[in-house]
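Heads up: the structure comes next, in C-alpha cells.
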Amino acid sequence: MTTRAYRAYSQNHTAVQTPEKLIEMLYEGLLKFTSLAKRAIEEGDFEAKSKWINRASDIFIELISSLKNDNSEMTAYLSGLYMHQIKTLNSANINNSAAELNSIIHVVKVLLETWKEETSIEYEVA
C-alpha cells in the first residue's frame, strides 16, 4: 500500500511541474544516480552500481527524446553530448571506473547550473 501511494504521489508531483522544472529534476536525478553508482563502485557493490548506472542511462535517453526535432546546432550538440555520456556510463560500468563517473558528474553539474541560469533569465524577462 505504501509503495502504491508513493508512486501515485510521484506521478502527481511530476505532472504539475513546468517543462523547465522537469528538465532540472532530470539533471538532479543524474547527479544522484551517478553519485550512488560511484559510491557502489567504491564499496564493491557491483549489483547496485549496475542499477544506478542503468537509471542514469535511462535519464539521458529521456533527455534525448525530449529534445526538439528542429535540426538546430544546440539540439545536435546536446544529443551528441548525451550519447557520449551514455557511452561513458557503459564504460564506467564495464571498467568499474569512478573516474569516468566523476567526469559525468562534472558535465551534469555544468548543464544543471547553465540550465538554472538560462531558465531564470527567461522568467525575469517574461
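Assorted remarks:
- Distance in nm between pseudo-label sites at Lys68 and Lys32 (7 Å out along the Cβ direction from Cα): 2.9
- Karplus-derived HN-Hα couplings along the stretch 39-51 (A = 6.51, B = -1.76, C = 1.60, θ = phi - 60°), whole Hz, x at Gly and Pro: 4, 4, 4, 4, 8, x, 8, 6, 5, 5, 4, 5, 4
- Computed E for Tyr77/Lys109 - FRET, C-beta separation, R0 22 angstrom, nearest 0.05: 0.80
- Reachable lysines, given that their alpha-carbon falls under 20 Å from the alpha-carbon of Lys68 and they are not under 8 places away in the same chain: Lys21, Lys116
- In straight-distance terms, cross-link reach from Lys87 covers every one of the aspartates and glutamates whose alpha-carbon lies under 18 Å from its own, apart from those fewer than eight places away in the same chain; here that gives Asp58, Glu62, Glu100.
- Prolate/oblate/rounded call for the stretch 18-125, Cα gyration tensor, a/c under 1.5 rounded: prolate
- Using R0 = 35 Å, the C-beta based FRET efficiency linking Glu20 and Ala99 works out to 0.65.
- Stokes-Einstein D in µm²/s, Kirkwood radius over Cα pairs - the stretch 68-115 at 10 °C with 1.306 mPa s viscosity: 136
- Converting phi to 3J(HN,Hα) with the Karplus coefficients 6.51, -1.76 and 1.60 and the offset θ = phi - 60°, the stretch 69-86 yields 8, 10, 6, 7, 4, 5, 4, 5, 4, 5, 4, x, 5, 5, 4, 4, 5, 5 Hz in sequence order, with x at every glycine or proline.
Read-outs: derived from the displayed coordinates by stated rules, not from any lab. Just so you know, these numbers come straight off a predicted model, no measurement behind them. Note that each Cβ is placed from the backbone with ideal geometry, even for glycine, and that neighbours are counted across all protein chains shown.
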